1. When you scan the range 180-215, how many residues do you find that are in a helix (DSSP H, G or I), open to solvent by less than 40 Å² (accessible area, probe 1.4 Å) and closer than 12 Å to Arg242 by Cα?
2. For the range 14-48, what are the residues that are assigned to a helix (DSSP H, G or I) and within 15 Å of the chain's Cα centre (by Cα)?
3. Check whether at least one residue in the range 147-161 is under 20 Å from the mean Cα position of the chain (by Cα) and at pLDDT 90 or above, and report yes or no.
4. Among the residues of the range 67-78, is any open to solvent by 70 Å² or more (accessible area, probe 1.4 Å) and in contact (Cβ under 8 Å) with a residue 40 or more places away in the chain?
Amino acid sequence: MAAIGNTEMLTRKIKLWDINAHITCRLCEGYLIDATTVTECLHTFCRSCLVKYLEENNTCPTCRIVIHQSHPLQYIGHDRTMQDIVYKLVPGLQEAEMRKQRDFYQKLGMEVPGDIKGELGNLKTHLDSQRNGDTKPDDPHKDPEDKAEEDNDYHRSDEQVSICLECNSSKLRGLKRKWIRCSAQATVLHLKKFIAKKLNLTSFNELDILCNEEILGKDHTLKFVVVTRWRFKKSPLLLHYRPKMDLL
């Protein structure tokens, strides 16, 4: 009887309404889009809602804890896990959001970023396959390493950010190739490690990376930096690096 009870519990259906409070933004009351979490208290909101709110406030909208007295935007971060959960729980939400973004760029006469085109194409293929009942079996003769590389794709389908990395300290040399292009989901920490490796530094912790003369938090994604520090400015994103000792 106990086994039957456990089986019933595992197969019990939960209505989306019952979990809405956990996957909606307190600020706009809609489902989370580009979910962003406050590192101090772990409350999550839509990125655009939270960034707009923090332009005039420095506390969490939910619990009112002080995020940071002067730079609250440095203490929030993209929550990919939460966003993946929301997209999986709410049918059609991801596809609708991708189309909104595409329409937004087209309305402004701007080129649609490659990641949005790719996401729309992948979603269409996936939905068509589901509707038609098509499934594509794995090739048993395919090299497992090749398949893993395809699955991971090293973020090639992500939105891309063009960056210019300039050194503004006489204590460090400039990069031979200061122009790079990488995933918008890469973080400032990734850039620190990249620069440290190129300059043969003993530790990436010796570096600070700045945008508009403001030190960036290591967990900031490049997309977040572009949205909050480089809004309406032309590509590439200009970043400076320097040793931490310059602050002393």
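1. Within the range 180-215, residues that are in a helix (DSSP H, G or I), open to solvent by less than 40 Å² (accessible area, probe 1.4 Å) and closer than 12 Å to Arg242 by Cα number 3.
2. Within the range 14-48, Arg47, Ser48 qualify.
3. Here is the first cut: in the range 147-161, the ones under 20 Å from the mean Cα position of the chain (by Cα) are 151-161.
Going one step further and asking which of them are at pLDDT 90 or above, we end up with none.
For the range 147-161, residues under 20 Å from the mean Cα position of the chain (by Cα) and at pLDDT 90 or above: absent.
4. Step one: of the range 67-78, the residues open to solvent by 70 Å² or more (accessible area, probe 1.4 Å) are 69-71, 75.
Going one step further and asking which of them are in contact (Cβ under 8 Å) with a residue 40 or more places away in the chain, we end up with 71, 75.
Within the range 67-78, one or more residues are open to solvent by 70 Å² or more (accessible area, probe 1.4 Å) and in contact (Cβ under 8 Å) with a residue 40 or more places away in the chain.
One line per residue, one yes/no per condition, for (1) of a type in the set (Phe, Trp, Tyr); (2) under 21 Å from the mean Cα position of the chain (by Cα):
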position	(1), (2)
Lys171	no, no
Trp179	yes, no
Leu191	no, yes
Arg231	no, yes
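The values are calculated or read from the model by the stated rules, or taken from the named source; none is laboratory data. Not measured: the values here are computed from a predicted model. Virtual Cβ from ideal backbone geometry, glycine too; neighbours counted across all protein chains shown. Accessible surface areas use protein heavy atoms only, side chains included; no ligands, DNA or RNA. Shrake-Rupley method; radii C 1.70, N 1.55, O 1.52, S 1.80 Å.
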